[in-house]
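Everything on this sheet refers to the single structure shown next.
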Amino acid sequence: MAPRVLIADDDAWILRMVSTVLEKRGYVVETATDGEDALERALKNPPDLVITDVMMPRMDGWSLVRALRARPEMGLLPVIFLTALSSDDDRIRGFRLGADDYVPKPFRFEELDLRVARVLRRTQTMVQETRDHLGQPGIKGELTQVGLSALLTLIELERKTGMLTLRDPAGHVGQILVRTGRVVHARLEDAPTPVDVDCVYELLGWSEGTFEFLACEIEGPDRVQTTTMHLLIEGARLLDENNREQAS
């Protein structure tokens with residue numbers, strides 16, 4: 001079955017040209033004229049890839065990706081930003097939100113075609129390898145390749161039980177305990193705070209470092225008592241809020 005691509009842009013010419021290029025390559029294309037329209041379409045009929053502008057009416061691209069990433073079923077959905085915002089800060093913000101690629105306007109359609117194929121291929125490989133690893137007693141990897149939000153999404157979907165350990169480049173260590181896919185406790189090894197929900201929010205900001213998941217029995221009460229979806233939604237909001245404060 002041909003991959004489905006959802007394109008969100010308020011520029012009718014961009015929608016028409018990108019759709020034409022991708023349809024000629026055999027993709028099934030759906031279009032949206034703003035973020036709210038794109039979110040509604042994605043939830044109704046999940047695509048294999050989203051290509052989105054940033055500056056759009058009603059809901060911008062930042063908010064769209066944040067809303068998509070906050071839903072477990074959309075946590076691994078690949079996203080390409082296609083935007084006139086080309087500063088380093090904009091690129092960093094896009095990748096922190098979980099974008100798989102960032103293409104500044106103006107762009108060459110041949111280049112976009114190649115990037116779409118690369119992102120779809122890379123995402124499919126990453127998801128399959130991570131699923132395969134989660135079926136084993138242990139899994140290790142780099143946070144630059146598989147972010148914490150994607151890991152928690154897969155752990156919930158696979159209903160795994162065990163301990164997820166994160167290490168950042170500075171040597172700090174965080175541990176997240178999960179039972180049947182849900183986070184029940186989180187802490188830092190070298191600090192008394194933050195813990196549990198606040199600790200998960202802290203760890204979601206770690207974009208570099210390593211992770212290791214060990215399947216094991218987890219005892220004790222559920223000290224988090226909220227869903228993965230809520231953790232990711234609130235964590236993304238707090239991270240975006242913090243980035244805005246640092247930029248101002």
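A short reminder: the numbers here are calculations on the coordinates, not readings from a lab. Small disclaimer: the values here were computed from a predicted structure and weren't measured. Note that we place each Cβ from the backbone using ideal geometry, even for glycine, and neighbour counts take in every protein chain shown.
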Share of Cα-Cα pairs in region 135-247 beyond 17 Å, in percent?
-> 51
With 0.36 nm assigned to each residue of separation and the Cα-Cα distance removed, Glu208 to Thr227 gains 4.4 nm
Could you please state, rounded to a whole Å, how far the C-alpha centre of region 19-68 is from the C-alpha centre of region 158-194?
-> 33
Within straight cross-link reach of Lys105, meaning Cα distance under 15 Å, which aspartates and glutamates are found once same-chain residues fewer than 8 apart are removed?
-> Asp9, Asp10, Asp11, Asp53, Asp88, Asp90, Asp113
Summing -39500 (n - 2.57) over every DSSP H run of at least 4 residues in the chain and dividing by its residue count gives a helix-only mean residue ellipticity at 222 nm, to the nearest 500 deg cm²/dmol, of -14000 deg cm²/dmol
Can you give the extra length, in nm with one decimal, that the chain gains between Arg4 and Leu43 once fully stretched, where that is 0.36 nm per residue apart less the Cα-Cα distance?
-> 12.7 nm
Sequence neighbours fewer than 8 away in the same chain don't count; with that in mind, list the lysines whose C-alpha is under 29 Å from Lys160.
-> Lys44, Lys140
With r defined as the distance between the Cβ atoms of Glu73 and Ala215 and R0 fixed at 25 Å, what FRET efficiency is calculated, to the nearest 0.05?
-> 0.65
Relative frequency of Cα-Cα separations exceeding 22 Å in the chain, percent = 54
Mean projected area (nm²) from the convex hull of Cα positions in region 16-77 is 4.2
